[in-house]
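So the structure is just underneath, and the comments pick up after that.
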Amino acid sequence: MSRTQPEDEDAGHRVRCHLDRLLAARGMTLVELSQRAGVSVVNLSVLKNDRARAVRFSTLTAVCDALGCQPGELLSVDPV
């Protein structure tokens, strides 16, 4: 028996990704970040557009290393 999930099931999460802001501040494209971090453009795009359901620590580490930032600069939680 398969369970279908409503499209807005994750709409209640308050985690936001600031990848677009960090890329702009560094004059870097998503493609360049992909090459530097070894993470696919598709996965970075999902993260950038706040559609990620989960982030592996290895991906988070690679992105932060490539951007020279800390996880708290990349992600935040909106207030309730």
- Task: With a 1.4 Å probe and every protein chain kept in, tell me what percent of the accessible surface of the chain is carbon plus sulfur.
- Result: 52
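Given only helices, namely DSSP H runs of n ≥ 4 each adding -39500 (n - 2.57), what is the per-residue ellipticity at 222 nm of the chain, to the nearest 500 deg cm²/dmol?
Values: 5 runs with 39 residues, N = 80.
Calculated at 222 nm, the ellipticity per residue is -13000 deg cm²/dmol.
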- Item | With Cα atoms, 0 to 90° folded angle of helix 57-67 axis to the chain main axis | 40
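Starting from 0.36 nm per residue, how many nanometres of slack lie between residue 20 and residue 35 once their C-alpha separation is accounted for?
Details: separation 15, 0.36 × 15 = 5.40 nm, distance 1.63 nm.
Here the segment from residue 20 to residue 35 would lengthen by 3.8 nm.
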- Query: What accessible area per residue comes out for the chain, rounded to a whole number of Å², with a 1.4 Å probe?
  - Reply: 71
- Based on the Cα atoms of the chain, what semi-axes does the equivalent ellipsoid have, where each is the square root of 5 times one gyration tensor eigenvalue, given in whole Å with the largest first? 24, 15, 11
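The values are calculated or read from the model by the stated rules, or taken from the named source; none is laboratory data. Here the structure is a predicted model, which is why all the values come from computation and not from measurement. Only protein heavy atoms, including side chains, enter the accessible area calculation; ligands, DNA and RNA are left aside. Shrake-Rupley method; radii C 1.70, N 1.55, O 1.52, S 1.80 Å.
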